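**Student:** Can you read through this structure? Questions will come right after.
Readers should treat all values here as calculations from the given coordinates under stated rules, not as data from a laboratory. Note that this is a predicted model, so its numbers are computed, not measured.
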Amino acid sequence: MMPANMGSVYLPPHKMKAILEKMKTNDESSEQSQKYMWEMLRKSLNGIVNKVNVANISNIVMELFNENLLRGRGLLTKSILKA
């Protein structure tokens, strides 16, 4: 079972691999896999926003367009406000 707030819990690589293998056998629309994908999107958006500076903003905007911004628009907003 995956923790509700996965961002604050460290998972060793072997446990993470086991969880990913279990999710591959389960349905993609399961609650567990959706939570995992949501956390991965959140971490990705936070990482991209934290890299922004004046010199690379045009490159960062292109990276943001590669993410699922329709699904993560609230996450993007929170990340920008937090940064």
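**Student:** Please compute the alpha carbon radius of gyration of region 11-82, then divide it by the globular-protein estimate 2.2 N^0.38 Å. Two decimals is fine.
**Tutor:** In units of the 2.2 N^0.38 Å rule of thumb, it is 1.31.
**Student:** For region 11-82: lysine pairs with Cα atoms under 19 Å, gap of 8 or more or different chains, count?
**Tutor:** The number of close lysine pairs in region 11-82 is 14.
**Student:** If each residue of separation counts as 0.36 nm, what is the full-extension length gain between K15 and N56 once their alpha-carbon separation is subtracted?
**Tutor:** Full extension from K15 to N56 adds 11.2 nm.
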